[in-house]
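Undergrad: Here's a structure for you.
The values are calculated or read from the model by the stated rules, or taken from the named source; none is laboratory data. As the structure is a prediction and not an experimental result, all values here were calculated from the model. Counting neighbours? That spans all protein chains shown, and the Cβs are built from the backbone with ideal geometry, glycine included.
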Amino acid sequence: MKINFPSNALLGLLTTALALSSANAQSTFVPTAAGTYNWSANATWSPASVPNASGVSIAKSAGPSSNTLSQDVVSGVTIGSVTLNGTSGNTWTIAPVNSITFNNGGSGASISRTSSAAGGRIAITTGNIILADNLTLTNTDGTSASGSIVTTSLISGTGNLTISNSSNSITLGHVQITGSANTFVGSTTIQQGAVNFNNNSSFGNASNTIRVGTAGAATLMSILSTNLNLANNIEVETGGATIGSTSISGNNTYSGTVTLGGTTTTSSLSGSTALRFTNVISGGGSLVTGGTGTTQLSGVNTYTGNTTAGTGSTLSLTSAGEIRFDLANAGVGNQILGAGTANFAGRFRLDVADVTTPAGSWTLVNVGTLTETFDAGTFGLAFLSGPTFTNVGGGLYTSGDWSFTTGTGVLTLVPEPSTWALFGGGLLALIIFRRRRALVASRDALA
């Protein structure tokens, strides 16, 4: 009997079809009771086959009990997505004793919590998560005090991390990234909602950028740990952000650059701690200090929005720090205001390129509402790429026709009498010139 084998072309089509079928497969975790289940057991899954391929999705309906899924496949497994859905508020813990690689064929992998239950959560603990694709974490509901999505596994590989959280509370329903030594290379985008972290490398390589507030208000908060130093650069988008620390003993530092594209609130929740920004804060957004602790600025900052010391909080400009003021005519410019405490030991840097009038005044510090101090030994003012002011005593600083008084918080420009005379003479000459031109034009018209 003659057997006809498929042509090479047909074999290729069959192979592609099998690959697509595998890539789009879905496996449902089907626990029958509380307890731990092994990934390697066919009976753990419906259909009864161990999920392990690029693009495969695994899901669990939030049933009546909490369960742990132990990833015990020694060589590691690859999946495209994880989803917790349903209406019960239990916890699905995935414990990758061996690695889990997220790969959705370049379309972006995901971890989603779509359960409508208040207490439900996904927790991926121990072992390694390897990024072979971009990874999105999405929480659409839930108020678990332990976090709605939690990853404590070490995250490595190459891929961007995107987080969208319906909750912007740091204590209920937050997303928690607490891997102790994450090494992944890629940016992190917190579109909205609260994200907590507790390690210097929670967001991978120090050169990775963190973008916050691309789709609404977002929060980036270090928790439980003290004396952290997050070196990643942070970009605050138009949705705005809260950046801070819950530490009650010790100081936490953000040592990367911070770019303000929206209003940014700092949050130091303890009166005995300091939240330190040691690098340049730039951009056109505003900065607001919150909490009951101290927000400390020690970079040569160039942002041009207002700076507000919130009630109960303290703003501290160290001797190494600067705040930029971008001034224009008619007293227009950014200010330092609020009802909190402000301590100034650094420098006010003045950009007066848009000031074209010969006189004026600008309120730099609203001393009527703030509780402020100026360090007489280190505080000062200077123009952008220009001279510094001289401390003449009594809280008065001068530079030519310019002066600043700490008692009023007002910067004034008052020209010397000779300057007024020159200005007045120039104005008179301009008026005479324009009148003569008008007379000549009238005479020519009559002729």
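Undergrad: With the condition being in contact with a strand residue (DSSP E or B) (Cβ under 7 Å, 6 or more places away or on another chain) and of a type in the set (A, V, I, L, M, F, W, C), I'd like the strands (runs of 3 or more DSSP E) fully within region 242-334 carrying at least 3 qualifying residues.
TA: Numbers: elements: 252-254, 258-260, 264-268, 274-277, 281-283, 287-291, 294-297, 307-309, 314-317, 322-328.
The strands (runs of 3 or more DSSP E) meeting that bar are 274-277, 322-328.
Undergrad: Checking the condition within 26 Å of ILE129 (Cα to Cα), buried (at least 21 other Cβ atoms within 10 Å of the Cβ) and of a type in the set (Gly, Ala, Ser), which residue from GLY204, GLY244 passes? Give the steps one after another, and end with the answer.
TA: Values: GLY244 fails: within 26 Å of ILE129 (Cα to Cα).
Of GLY204, GLY244, the one residue that is within 26 Å of ILE129 (Cα to Cα), buried (at least 21 other Cβ atoms within 10 Å of the Cβ) and of a type in the set (Gly, Ala, Ser) is GLY204.
Undergrad: Given the options THR264, THR253, name the one that is touching a Lys or Arg at 6+ places or on another chain (Cβ under 6 Å), buried (at least 18 other Cβ atoms within 10 Å of the Cβ), hydroxyl-bearing (Ser, Thr, Tyr) and closer than 25 Å to ASN205 by Cα.
TA: Working: THR264 fails: touching a Lys or Arg at 6+ places or on another chain (Cβ under 6 Å).
After applying the criteria, what remains is THR253.
Undergrad: Scan region 330-368 for residues that are among the aliphatic types (A, V, I, L, M) and under 26 Å from GLY293 (Cβ atoms) and jot them down. Explain how you work it out, then say what you get.
TA: Narrowing region 330-368 to residues among the aliphatic types (A, V, I, L, M): 330, 332, 336-337, 339, 342, 345, 350, 352-353, 355, 359, 364-365, 367.
Listed by number, the residues that qualify are ILE336, LEU337, ALA339, ALA342, ALA345, LEU364, VAL365, VAL367.
Undergrad: Please verify whether ASP72 is part of a loop (DSSP other than H, G, I, E, B), in contact with a Phe, Trp or Tyr (Cβ under 8 Å, 6 or more places away or on another chain), assigned by TED's automatic domain parsing to the domain that holds SER166 and within 24 Å of THR189 (Cα to Cα), treating the condition exactly as stated. Before the answer, list the steps.
TA: Working: part of a loop (DSSP other than H, G, I, E, B): yes; in contact with a Phe, Trp or Tyr (Cβ under 8 Å, 6 or more places away or on another chain): yes; assigned by TED's automatic domain parsing to the domain that holds SER166: yes; within 24 Å of THR189 (Cα to Cα): no.
Taking the combined requirement at face value, the residue does not satisfy it.
Undergrad: Looking only at region 342-372, filter to residues that are touching a Ser or Thr at 6+ places or on another chain (Cβ under 7 Å) and among the β-branched types (Val, Ile, Thr); which one of those is surrounded by the fewest Cβ atoms within 10 Å (Cβ to Cβ)?
TA: Out of the qualifying residues, it is THR371.
Undergrad: Continuing with the same structure: Do the conditions hold for TYR303, that is, is it closer than 19 Å to ASN343 by Cα, surrounded by 20 or more Cβ atoms within 10 Å (Cβ to Cβ) and aromatic (Phe, Trp, Tyr)? Walk me through it before giving the result.
TA: On the way: closer than 19 Å to ASN343 by Cα: yes; surrounded by 20 or more Cβ atoms within 10 Å (Cβ to Cβ): yes; aromatic (Phe, Trp, Tyr): yes.
Judged against the criteria, TYR303 is a match.
Undergrad: While we're on this one: Go over the candidates SER88, SER46, SER99 one by one and state the one that is in the same structural domain as THR189 (by TED's automatic domain parsing), more than 22 Å from ILE163 (Cβ to Cβ), of a type in the set (S, T, N, Q) and touching a Gly at 6+ places or on another chain (Cβ under 9 Å).
TA: Working: SER46 fails: touching a Gly at 6+ places or on another chain (Cβ under 9 Å); SER99 fails: more than 22 Å from ILE163 (Cβ to Cβ).
Result: SER88 is the single residue among SER88, SER46, SER99 that is in the same structural domain as THR189 (by TED's automatic domain parsing), more than 22 Å from ILE163 (Cβ to Cβ), of a type in the set (S, T, N, Q) and touching a Gly at 6+ places or on another chain (Cβ under 9 Å).
Undergrad: With the structure loaded, tell me whether THR219 is under 22 Å from ASN168 (Cα atoms), in contact with a strand residue (DSSP E or B) (Cβ under 6 Å, 6 or more places away or on another chain) and of a type in the set (S, T, N, Q) or whether it fails that test.
TA: Details: under 22 Å from ASN168 (Cα atoms): yes; in contact with a strand residue (DSSP E or B) (Cβ under 6 Å, 6 or more places away or on another chain): yes; of a type in the set (S, T, N, Q): yes.
Criteria met by THR219.
Undergrad: Sort out which residues of region 291-306 are within 10 Å of VAL280 (Cβ to Cβ) and among the polar types (S, T, N, Q), and write them in order of number.
TA: Scanning region 291-306 gives ASN301, THR302.
Undergrad: Let me ask you something else. Any idea how many residues of region 252-277 are modelled with pLDDT under 90 and within 18 Å of ALA320 (Cβ to Cβ)?
TA: 0
Undergrad: Out of SER116, SER61, SER75, SER70, I need the residue that is crowded, with 20+ Cβ neighbours inside 10 Å and among the hydroxyl-bearing types (Ser, Thr, Tyr). Which one?
TA: Working: SER116 fails: crowded, with 20+ Cβ neighbours inside 10 Å; SER61 fails: crowded, with 20+ Cβ neighbours inside 10 Å; SER75 fails: crowded, with 20+ Cβ neighbours inside 10 Å.
Testing whether each residue is crowded, with 20+ Cβ neighbours inside 10 Å and among the hydroxyl-bearing types (Ser, Thr, Tyr) leaves just SER70.
Undergrad: Just to verify a result, which residue in region 222-236, among those that are assigned to a loop (DSSP other than H, G, I, E, B) and touching a strand residue (DSSP E or B) at 6+ places or on another chain (Cβ under 6 Å), is modelled with the highest pLDDT?
TA: Just the residues of region 222-236 that are assigned to a loop (DSSP other than H, G, I, E, B), to begin with: 223-228, 231-233.
Pick out the ones that are also touching a strand residue (DSSP E or B) at 6+ places or on another chain (Cβ under 6 Å) and you get 223, 228, 232.
On the way: ILE223: 88, LEU228: 92, ASN232: 98.
Per the stated criteria, the residue is ASN232.
Undergrad: Please find, within region 224-241, the residue that is farthest from SER267 (Cα to Cα) out of those that are surrounded by fewer than 21 Cβ atoms within 10 Å (Cβ to Cβ) and β-branched (Val, Ile, Thr).
TA: THR238
Undergrad: Additional query: Has region 157-170 got any residue that is crowded, with 20+ Cβ neighbours inside 10 Å and at pLDDT below 95?
TA: The answer is yes; a qualifying residue exists.
Here's the yes/no breakdown for (1) in contact (Cβ under 8 Å) with a residue 40 or more places away in the chain; (2) over 15 Å from ASN52 (Cα atoms):
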site: THR83; (1), (2): no, yes
site: SER88; (1), (2): no, yes
site: THR93; (1), (2): no, yes
site: ASN103; (1), (2): yes, no
site: ALA117; (1), (2): yes, yes
site: ASP141; (1), (2): no, yes
